[in-house]
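Taking it in order: structure first as structure tokens, then the write-up.
The numbers here are math on the coordinates, done by the rules we state, and not lab data. A quick note: this is a predicted structure, and the numbers were derived from the prediction, not measured. Glycine gets a Cβ as well: all are built from the backbone with ideal geometry, and neighbour counts include every protein chain shown.
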Amino acid sequence: MRVDDIHIDTKLRADLAVREMLAATFRLAADAPATVTSGCGQQVPLAMTSGNPGVVTCPSCRAFAQREHLRLADQVAEFGLMPGSAISAETAMTAAAKHRELAAKFAGPVGG
Ligand SMILES: [Zn+2]
């Protein structure tokens, strides 16, 4: 890992997405954290993280993100097939496909 590497946080920036949604809806939200736990197991400045596979340069974080997106793809696909699921199978498969697409991008070269 280089000192100027861009990482991904262990929650794949989901906390930030929730924070932004709350801020947009209610016009208030807690401050974003200054540091987050990265996929490579370190505390890093939030500003040095991204969920974009085109800019995450830390190899360990790219491998982490690939695994996590594949895991989430499997989970959402199973969720969509469950009886009484809140989302349709079609919606679940679309979400799973997006996670698999992101996983493939994290498996490839930076910016690829
Ligand atoms: Zn990292």
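Structure above, values below:
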| quantity | calculated |
| --- | --- |
| Ranking of H69, H99 by count of other Cβ atoms within 10 Å, fewest first | H99, H69 |
| Any cysteine of the chain lacking a neighbouring Cys Cβ under 4.7 Å - listed by number | C40 |
| Calculated [θ] (222 nm, deg cm²/dmol) that DSSP helices of n ≥ 4 give over the chain, each run adding -39,500 (n - 2.57) | -16500 deg cm²/dmol |
| Extension gain, Q43 back to I87 (0.36 nm per residue minus Cα-Cα distance, nm) | 12.4 nm |
| GNM result for the chain, Cα springs below 10 Å: residue of L81, L72, L46 fluctuating most strongly | L81 |
| Kirkwood Rh and Cα Rg combined as Rg over Rh, evaluated for the range 53-100 | 1.13 |
| Along each principal axis, Cα extent of the chain, largest first, Å | 47, 38, 22 |
| Alpha-carbon centroid distance for the pair the range 6-46 / the range 63-98, whole angstrom | 22 Å |
| Hz values of 3J(HN,Hα) by residue in the range 38-49 - Karplus curve (6.51, -1.76, 1.60), Gly and Pro given as x | 8, x, 9, x, 10, 8, 10, x, 3, 5, 9, 10 |
| Potential lengthening between R71 and D15 on full extension [0.36 nm per residue; Cα-Cα distance subtracted] | 18.4 nm |
